[in-house]
1. Scan the stretch A:260-300 residue by residue and report those that are of a type outside the set (Gly, Ala, Ser), under 23 Å from A:LEU125 (Cβ atoms) and surrounded by fewer than 24 Cβ atoms within 10 Å (Cβ to Cβ).
2. Looking at B:VAL118, B:VAL108, B:VAL83, which is the one that is over 18 Å from B:THR169 (Cα atoms), crowded, with 19+ Cβ neighbours inside 10 Å and free of Cβ contacts under 8 Å to residues at least 12 places away in the same chain?
3. From the list A:ALA160, A:ALA183, A:ALA172, pick out the single residue that is in a helix (DSSP H, G or I) and over 25 Å from the mean Cα position of the chain (by Cα).
4. Let me confirm something: among A:ALA192, A:ALA228, A:ALA199, A:ALA265, which residue is in a helix (DSSP H, G or I) and touching a residue at least 24 places away in the same chain (Cβ under 8 Å)?
5. Does A:SER112 count as surrounded by 24 or more Cβ atoms within 10 Å (Cβ to Cβ) and either at pLDDT below 85 or more than 14 Å from chain B (Cβ to nearest Cβ) (or both)?
6. Just checking, how many residues over the stretch A:442-461 are more than 22 Å from the chain's Cα centre (by Cα) and either of a type in the set (Val, Ile, Thr) or part of a helix (DSSP H, G or I) (or both)?
7. Which one of these does A:SER362 not meet: (1) touching a helix residue (DSSP H, G or I) at 6+ places or on another chain (Cβ under 8 Å); (2) touching a residue at least 60 places away in the same chain (Cβ under 8 Å)?
8. Looking at the stretch A:120-136, which of the residues that are among the β-branched types (Val, Ile, Thr) and within 7 Å of chain B (Cβ to nearest Cβ) is surrounded by the most Cβ atoms within 10 Å (Cβ to Cβ)?
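The values are calculated or read from the model by the stated rules, or taken from the named source; none is laboratory data. Every value quoted in this text rests on a predicted model; they were computed, and no experiment measured them. Heads up, the Cβs are rebuilt from the backbone with ideal geometry, glycines too, and the neighbour counts pull from every protein chain shown.
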Amino acid sequence: MLGTLLIPLIAAAIFALKLPRPLACGLNVAASLATFIAALLLVAAPPPPGALLFVDGLNGFFLVLGSFVGFTTSLFSGRYIAHEHATGRIGEGALRLYHAMFQLMLFGMNLSLLANNIGLMWVALELATLIAVVMVGLYRTPAAIEAAWKYFILGSVGIALALFGTILIYMAARGVMGDDSDAMLWTALITAAPKFDAAMLNLAFVFLLLGYGTKVGLVPLHAWLPDAHGEGPTPITAVLSGLLLNVALHALLRFKMILAANPAAIPPGVLMIALGLASVIFAAFMLYRRPDLKRLFGYSSVEHMGLIVFAFGIAGPAANFAALLQTAMHSLGKSAIFFAVGPICQAMGTQRIDRMGGLTASSPFLGWSLVAGVVAIVGMPPFGVFMSEFLIITATFARQPALAVLLGLGLLAAFAALLLRLNAVAFGAPQGEITPVPVARTPLVLHLLLVLAAGLYLPPALAAWLHEIAVRVG
Amino acid sequence: MHSLTFDIAHMLSGGLVLASFLMLYQDRLPSLINMLALQAAVLGLSVGWQAIAQDAPHLWITAALAIGFKAIAIPMALRRIIVKLDIHREIETVGGIGRTMLAGIALVALALQVVLPVTSASDALAREDIALALSVVLLGMLMMVTRRNAVSQIIGFMSLENGIILAATGARGMPLVVEISVAFSVLIAFIVVGIFLFRIRERFDTVDVTALDRLRGDGT
């Protein structure tokens, strides 16, 4: 268990030294790979829960997914950062900061996922967020600083609300569990939850939902997300979408499980459904008029996180299974898109959509990868997102047919918007100057193949594992 | 219920809310910083009183942090920053003071109305503490919303953090790990903000965040 935490931490400390760039990039990849392997070993043989850390299916899933995306992103980051360094957008100091912060962010996210103490979970997520803020502002352009500032202010307010909710949970637990107890240990909370004061839990959950919901990027607390995606270095954008949003989602799910275990508390699903549906529909319509390629996919992340929160809100094994699958598919698919978008923006020298066109002709590999990524993420068969979205819709139909219609409309609107944008960027007459840039093909192809494979064939062992987690989430 | 312990704790928590109101209408940055220092000092006293009342000696650390770090060190640093940025003489337009104060009063009423009914099972001390802490949190948010200047937004955020710490210490027996880490995260937050301020200063002639809004790449 310590491997997943210590490796990034030690790597971050090493990056504080002055390393030449190729060595630093190589070490970044090695550390991320080692973390991923440690995560796999941990999930294969979970140790018994401790007072600070524990592993069960749910955080095991998020941990493996997160450290895998972390690893592939480090592969992508090598070439990307080399180009940024060569063109002078990132100086020596910023380069060291970048690598150290990258590993430290992975450490924060893994710690938050593995924490058994809900206070520790909060602190670790706060750490990861603050680092993300620094990374978003790495380029120091006025727009990057504005994005980082906005992220910082909204993120801080969100995290403050989440802590207030955490304190309320502790107070609700203390009334039942007594003074000198483990009233902040999640494993203890979930068993004692049926006896908690329901009114207190309700109040706590409202704060937790708003607080962690800000980090998940739920409407109306999403304002930071598109800007942070637009202005940060692209590897960070990929990590934000593929990982950090998931870590916040995981925290939210933990508290949702506590509430769901208490029969007298309000069903937490209702609130999650409302915010999730609002996010899907709002983001779908915001997709239409985005002039900036990276912000466009930022809004797409809002839509997908909304969909996932919605599905977890519907609850029940079927919807949870679909939500878990959707989480994995979104992380893989969206980071694949950013792996393509990063070099595209470098090659074109702009992020503006109206200055791009005909990428499939002018830069076939990047153009077609972007096409594949977008086709996958909007939920076209045979990709995995199609399957998970289909499962979410059917699970919703079984419970709340009216909601399924609304959700379907939102998804269709997003589908049309993204394909419209894709058409403008990828097809037609080539536009703009293309400067050749180094492209990391391996992570891009790997992610797309995984999303495709999941759509065609989900191994029974994996499906059974996901189903087991889905049942436990309740 | 109406013991001396309760009365003193109540008074100190109320003092924190009062300091929040005082901050709401300060339109000069130096006086705003003074009010922040005052609030942090009251917080230190309040936490110290909780340490006695709950017989929880580890709370003294939090109290010492509140006074040493938040009431003395940070205000000093902030004063230096505003002099360096040459904004210490500027007068900020706070909007209608009357309206802001009314909104503040409404928020306090809301906090009491929300917290008191649901916490009837807890002891009176913790209830009042949570209710007043929520008021401070909401007032801090109000300040962040009504201010345009980056420094005053940070001050609003720190006042919000004061409210959170009041709540954390009011919850009897909450593990120490949380309190230290909260203080720690405040420190990190401050470092980050410090970096930001200087970066903003590097690029712009103002720390007025409306200037940032004009520079958005995303034309909505």
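1. A:LEU271, A:LEU275
2. Working: B:VAL108 fails: free of Cβ contacts under 8 Å to residues at least 12 places away in the same chain; B:VAL83 fails: crowded, with 19+ Cβ neighbours inside 10 Å.
Going through B:VAL118, B:VAL108, B:VAL83 in turn, just one is over 18 Å from B:THR169 (Cα atoms), crowded, with 19+ Cβ neighbours inside 10 Å and free of Cβ contacts under 8 Å to residues at least 12 places away in the same chain: B:VAL118.
3. Working: A:ALA160 fails: over 25 Å from the mean Cα position of the chain (by Cα); A:ALA183 fails: in a helix (DSSP H, G or I).
Unique residue meeting the criteria: A:ALA172.
4. Working: A:ALA192 fails: touching a residue at least 24 places away in the same chain (Cβ under 8 Å); A:ALA199 fails: touching a residue at least 24 places away in the same chain (Cβ under 8 Å); A:ALA265 fails: in a helix (DSSP H, G or I).
Result of the check over A:ALA192, A:ALA228, A:ALA199, A:ALA265: A:ALA228.
5. Details: surrounded by 24 or more Cβ atoms within 10 Å (Cβ to Cβ): yes; either at pLDDT below 85 or more than 14 Å from chain B (Cβ to nearest Cβ) (or both): no.
Spelling it out, it is not the case that A:SER112 is surrounded by 24 or more Cβ atoms within 10 Å (Cβ to Cβ) and either at pLDDT below 85 or more than 14 Å from chain B (Cβ to nearest Cβ) (or both).
6. 3
7. (1)
8. Our first condition is that a residue be among the β-branched types (Val, Ile, Thr); within the stretch A:120-136, this holds for A:123, A:129, A:131, A:133-134, A:136.
Still in the list and also within 7 Å of chain B (Cβ to nearest Cβ): A:123, A:133-134.
Details: A:VAL123: 24, A:VAL133: 26, A:VAL134: 21.
That would be A:VAL133.
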